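Student: Just passing along the structure, written as structure tokens.
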Amino acid sequence: MNAVITAIGGYVPPSILTNKKISETVDTSEEWIEKRTGIKERRIAAKDVATSDLASEAIANLIKKYKIDPLEIEALVLATATPDYILAPTASLVCEKSGLLNAFGVDLNAACSGFLYALEMAANMIESGRYEKIIVVGADKMSSIVDYEDRNTCILFGDGAGAVLLEKTTSNYGLMKSILRTDGSGTSALLVPAGGSRKPAEMSSILHKMHYLKQDGSFVFKKAVASMASVSQEVISKNELQTDEIDWVIPHQANLRIINAVSENLNINSEKVKVNIDRYGNTTSATIPLCLWDFVDDFEEGQNLLITTFGAGFSWGATCLKWGIMREQRTVKSRRINVRKKSILVTQ
């Protein structure tokens, strides 16, 4: 029994933060940001929008597009590094907002590797035979922990959410073998120093901006390239594939230079590598599902996808996925209406 993706949904906030806008508040330029990161713009959620709202919108998109009954979903695994609250779990809120009344929900935090970890967890739940339909979500409101006076981090991150439906199948489609890794010695290079049990919120932590993300960019860059390239090669071999049998690469969207370096190390043509960092920036747990959502029409039945990630923790990993048969999408109906004596075509 395997676990296969049969539906995909996504959501990004409407508000766009461009490089030009950032360059007006910190010492940088549009050209410098794009050259160093590959990012042109990113989406930013409104102040009254939380991670649970982003996740619920992505699930709503999935449910509506593929005509899914929410009551059939048995579990929700939500990957996020920016929960609505430290307590209660964000997954509980998302289950309520999305009408997943027969599902239990659980949060998982592995930073930028969160969605891959959650996908592996959900796949194993299905392969055990105990579950048949599980929604896996990656969602983050990174703007809530980014200091927009810090040039090293504010240029990188955006907000968004992506969701996939995993279902059981007896075919050879679906998630193959994965390799997941963790190295806690790198924690200090990428973290939010305060707000947890190590350093609870207090006046001094707020004044020193310790509730914002801090990053040693150069060290993280080198570690990300080496780790993603190495684990990707390992997982290709573990699944008894050759590099030229990989049809598409879905990498974590942290930095275009990292993505290019990994594909070069793997000797994989850049045309096979899916990239949308230019439009969304680094959405942390959401980058992989948003990439799947953006490019779903390019994937064909039986093709081999390579997913690889790296994030805080340090956490990283890779998996191979044999693309299966997607659920039938909702038929878009068209009707003609008259507006001020002009006939126009609308969809519903």
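The values are calculated or read from the model by the stated rules, or taken from the named source; none is laboratory data. Owing to the predicted nature of the structure, the values given are computational and were not obtained by experimental measurement. Here the Cβ is made from the backbone with ideal geometry for all residues, glycine too, and neighbour counts use every protein chain on show. Just the protein is used for accessible areas: all its heavy atoms, side chains included, with ligands, DNA and RNA removed. Shrake-Rupley method; radii C 1.70, N 1.55, O 1.52, S 1.80 Å.
Student: Please report, in whole Å³, the volume per residue of the convex hull around the C-alpha atoms of the chain.
Tutor: With only Cα atoms used, the chain gives 161 Å³ per residue.
Student: Additional query: Taking the Cα centroid of the stretch 294-311 and of the stretch 5-20, what is the distance between the two, rounded to the nearest whole Å?
Tutor: Answer, in whole Å: 17.
Student: Quick one: order Leu76, Leu108 from most to least accessible surface, probe 1.4 Å.
Tutor: Most to least solvent-accessible, the answer reads Leu108, Leu76.
Student: Related question: Modelled label-to-label distance, Asn260 and Thr25, 7 Å Cα→beta-carbon offset: nm?
Tutor: Each label point is offset 7 Å from its Cα along the Cβ direction, giving 2.8 nm.
Student: Please give the Cα centre distance for the stretch 73-93 versus the stretch 164-198, rounded to the nearest Å.
Tutor: Value for the Cα centre distance between the two parts: 15 Å.
Student: With both bridge residues required to lie in the stretch 33-163, what share of the DSSP beta bridges run antiparallel, to the nearest 5%? Mind dumping the intermediate values first?
Tutor: Values: 5 of 15 bridges.
Bridges in the stretch 33-163 are about 35 percent antiparallel.
Student: Using label points projected 7 Å from each Cα along Cα→Cβ, tell me how many nm separate Lys222 and Ala88, to one decimal.
Tutor: Inter-label distance under the simple model: 4.6 nm.
Student: What's the carbon and sulfur percent of the stretch 149-291's accessible surface, probe 1.4 angstrom, rounded to a whole number?
Tutor: Its accessible area is 48 percent carbon and sulfur atoms.
Student: Another question, then. In the stretch 27-112, if the dipole is taken from +1 on Lys/Arg beta carbons and -1 on Asp/Glu beta carbons about the Cα centre, which of Ala60, Phe104, Ile86 is farthest to the positive end?
Tutor: Ala60
Student: Taking only the alpha-carbon atoms of the stretch 1-151, what semi-axes of the equivalent ellipsoid follow from 5 times the gyration tensor eigenvalues under a square root, in whole Å, largest first?
Tutor: Largest first, the stretch 1-151 gives 33, 16, 14 Å.
Student: What aspartates and glutamates sit close enough to Lys274 to cross-link, taking a C-alpha to C-alpha distance under 13 Å and skipping anything fewer than 8 places away on the same chain?
Tutor: Asp247, Asp294, Asp297, Asp298
Student: Taking the Cα centre of the stretch 75-231 as origin, sum charge times position over the Cβ atoms of Lys and Arg (+1) and Asp and Glu (-1), and report the length of that vector in debye to the nearest 20.
Tutor: With only Lys, Arg, Asp and Glu charged at Cβ, the dipole is about 320 debye.
Student: Among DSSP beta bridges whose residues both lie in the chain, state the antiparallel percentage, nearest 5.
Tutor: Of those bridges, close to 75 percent are antiparallel.
Student: Let me ask another. Heavy-atom accessible area per residue, the chain, 1.4 Å probe: how many Å²?
Tutor: On a per-residue basis, the chain sits at 47 Å².
Student: Further question on the same structure: Lys97 versus Asp278, label points 7 Å from Cα toward the beta carbon: distance in nm?
Tutor: That separation, rounded to one decimal, is 3.1 nm.
Student: May I pose another question? Which whole-number percentage describes the relative contact order of the chain, with Cα contacts under 8 Å and a sequence gap of 6 or more?
Tutor: Relative contact order, the chain: 25 percent.
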